[in-house]
């Protein structure tokens, strides 16, 4: 699985989990839903922005050049 797919899967699971938590916790106020939505959206966006691909190792670079 590529890092891009892992990031998207984690972000989706996080948002779904917090949506379910909001339903189970019976959030009824608009401020509660706003806080829940920001908690469901902001951490995945930060993760997607700052989780970089690992750098190539020397062996990977050599193997790529030999192809």
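Every number here is computed from the coordinates shown, using simple stated rules; none is lab data. None of these values were measured; they are calculated from a predicted model. Don't worry about glycine lacking a Cβ; one is built from the backbone with ideal geometry, like all the others, and counts go over all protein chains shown.
Highest mean first, how do 4-14, 22-32, 48-58 rank when packing is the count of other Cβ atoms within 10 Å averaged over residues? Let's see the in-between values first.
Details: 4-14: 12.7, 22-32: 10.4, 48-58: 8.8.
Taking the mean over residues of other Cβ atoms within 10 Å, the ranking is 4-14, 22-32, 48-58.
Extents of the range 3-66, largest first, come to 60, 17, 10 Å (Cα atoms, principal axes, whole angstrom). Note the angle between two axes, namely the Cα long axis of helix 3-24 and the longest principal axis of the Cα atoms of the chain, as a number of degrees from 0 to 90, rounded to the nearest 10. That helix lies at roughly 10 degrees to the long axis. Against the main long axis of the alpha-carbon atoms of the chain, helix 30-50 sits at an angle near 0°. Relative contact order for the chain: 39 percent, from Cα pairs under 8 Å spaced at least 6 residues apart, divided by residue count. Dividing the summed helix terms, -39500 (n - 2.57) for each DSSP H run of n ≥ 4, by the number of residues in the chain produces a 222 nm estimate of -26000 deg cm²/dmol to the nearest 500.
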